[in-house]
1. How do the peptides 345-356, 509-520, 263-274 rank, highest first, by the average count of neighbouring beta carbon atoms within 10 Å per residue?
2. For segment 35-239, what number results from the quotient of the Cα radius of gyration and 2.2 N^0.38 Å?
3. To one decimal place, what Kirkwood hydrodynamic radius in Å is obtained for segment 387-487 from all pairs of distinct Cα atoms?
4. Fewest first, what order do 261, 121 take by the number of other Cβ atoms within 10 Å?
5. Taking neighbour Cβ counts within 10 Å as the exposure measure, how do 138, 169, 359 sort from fewest upward?
6. Cα centroid distance between segment 435-454 and segment 221-278, in Å?
7. Report the full-extension gain for the segment residue 471 to residue 292: residue separation times 0.36 nm, less the Cα-Cα distance, to one decimal in nm.
8. Assuming R0 = 41 Å, what is the FRET efficiency of residue 279 and residue 237, from their Cβ-Cβ distance, to the nearest 0.05?
């Protein structure tokens, strides 16, 4: 058995007394570590890539250093130059002090310093006049720091607070300010310059005194070569690199988003994707540039599988009036963007199906009489037609049967805060269906992502460490039916439908325009992404003629073309009439005639209307060539061997083909006139 070492009583008493004294000093004169931890807030992307930082209250850029994110060559060379015994001393390097005193006595002036990295940290946190008294106080504080902190913690504090000139403190801020990059990507020349700068931070600032900065760098390189920290050839090559006088701006990607995400004195990891954010910022900047000065753009992009916000544009241009406002969390009238939810809730209640017919005609609901946007009416239309073409009267008719409180309670149940617009009451009534309440871009992102996620609504995820909360909005069957309908909505002008482009993502989307053209909306989703676009003036002023389809939908499609896609299994299935209330999809097993032209649910353009028009040649494939066509119950005459149909007016039509055995098939089409195509509102 190993014998225990016995210490004399005087030794044990001395150790106890020393410990009591040190504890007493720490209690009576604690080091200002709380203040030392006041650093710039930083918001990073989901891969911890820098997005935006914020200066501390006095305007200083002081960003917390993490040894794991600093080039280890820099750390090794810094210690070799500044404090070679850093990991072995207790805050005071006695051999260095003896050497400094000896050289001072011999030469009559201070030739070499004796400050350790810990003492330099003390001086940075508690600046004092450079006197012998201050030096002794620094030594005392250094001992305290060494007792309370680990060596790595001291080194990280040093690399956070050490001055690099001007309002730049710490290795991270210095690396971004002088080289425009993170401190884990430094070259040999840059490492030497960042070691030289704190020795004379103002005199050697490369943006102010390029020559002095280069001279200081070269002195450090020579010392590194002399003590064996760098190969001689690397030193020669590093000296050949010119010192630039650049001063880079601290990165400000997702600046408005970061303002709401930042945490005091912390670096936070957001869900935003750096590259995607940069791409969307560039895209929206290009789109907003030619628009009138008061107009701005807001966009939220959500990854459906995780509900992570991958890109966020609170304002496309901060230099415009109101450009510092995050328009994604401001309540604005959503126009028609709530119509899919109205029909979805009605489908869940069994009130309608996608193929059910609803009357589109001037109708008064109590003291409320909605009008279609283009002030045209189409008689009996199917639900999917009414939704795809955003007819107002059918939507309000369905909402009247459903009850506006059902829609409001659903929104509130999803933790979405709806705002009453221009009303002191507790409910907006049926007007909620056409934008009579205030919603935000982020609220709509929750609703449309729920349709993409089989009806499950989840909160948006802004931080990597959080999980979204889930609630069911509509049934999965209803969500899929609404997706089929919205994927077949007419595409914006100049955009080719997805089914005509190989590997193009099928976009389910809806536009909206608030009363008086104040807000233009486009909300859409694919299997992977949900995108909400708002275009308007932050002050709420109207923009005559600027509808969601004109002002917002093109940008929505441009955003989707920027996003990565893995493809989709979606196939375009046409919704058939379903008077029984059940959604019927696809062709029946009956071998009746197959109508070839016009395709089901297509839009066909009529250059002229009426008896003098050229008309449309209807065609069908059948076992027998004896096929008769009917439109609105009236037979279509045969002219020169073809069934020629001449519609009298624009609108929705049912075309029926009946063969010799009495078997039939039917398609629904919309006839659009040249006048309508010229009408931007339509």
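1. Answer by packing, highest mean first, reads 509-520, 345-356, 263-274.
2. Ratio of Cα Rg to 2.2 N^0.38 Å: 1.03.
3. 14.7 Å
4. With the fewest neighbours first, 261, 121 line up as 261, 121.
5. Least crowded to most crowded, the residues run 359, 138, 169.
6. First find each Cα centre; the distance between them is then 39 Å.
7. So the chain would gain 60.4 nm between residue 471 and residue 292.
8. So the FRET efficiency works out to roughly 0.70.
Each reported figure results from applying straightforward, stated rules to the coordinates on display, with no laboratory input. Bear in mind the structure is a predicted one, so any value in this text is a computation, not a measurement. Because the Cβ atoms are built from the backbone with ideal geometry, glycine has one as well, and the counts that use them run over all protein chains shown.
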